[in-house]
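Contents: one structure, followed by commentary.
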């Protein structure tokens, strides 16, 4: 488990704002007005006022400050004294993409894996320590289907409080140029988790399916591929993105799909 703590937040402001999350690469604009991000330099939570990212500072006499615990791997969150509820971001592992494995003189491409489920939840009641399990990304298939991403969960004792489901696997293509197999199914949830793309055939080219996005983007497919011996494996999603892998492509060969990205979690507490 790795985590950072951010202070100087106004409790009531976070509870009233919609819990939309940005990152250091996202420019503040009217389209994401009210979104929150953790500043990667100062580790202070900021909100988008429609024009610029602005630090949230506690009002005089505020009874608590906010902290963020970030989980890039499984671990335990320890309940601070006086905390009775938390805000949570939970992301499942992305699905692995399909490869391709054809016969003679066949240009074939696999489909992308689905994005891991993504959940934003405010005011989750807690009474004890939490066990956070981060789902693994699915593996890309070597001339075969990929594997599904793992579920990410938050448990309190034996009780599962939240589950972000892993993305579905992308399918292998072994049936001919014009076939377009479905992409992996999204893990769902309240964030922007997307299905993996199917293969797309044109008159003389084939495009492998991209991986579905989640908390982060999915893997990117190879460039349009024309008929020539060889293969290009699909791109993998980044660690802790929850994105699906991208499909592989080949001609008279075998290709491997990209791996899905592992899951991720953030727990916001005020004390």
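Some observations on this one:
- Computed from the C-beta positions of residue 123 and residue 39, the FRET efficiency with R₀ = 22 Å rounds to 0.40.
- By average C-beta atoms within 10 angstrom, highest first, the peptides 65-75, 256-266: 256-266, 65-75
- Extension gain from residue 271 to residue 252, taking 0.36 nm per residue of separation minus the Cα-Cα distance: 0.7 nm
- Residues residue 51 and residue 73, FRET efficiency given R0 of 35 Å [Cβ-Cβ distance, rounded to 0.05]: 0.45
- Each peptide in 238-249, 123-134 receives the mean, over its residues, of other Cβ atoms within 10 Å, and ordering these scores from highest gives 238-249, 123-134.
- Residues residue 239 and residue 31, FRET efficiency given R0 of 22 Å [Cβ-Cβ distance, rounded to 0.05]: 0.20
None of the figures in this text is laboratory data; all of them are computed from the coordinates on show. This structure is a prediction, so every number in the text was calculated from the model and none was measured. Neighbour counts run over all protein chains shown; Cβ positions are idealised from the backbone, glycine included.
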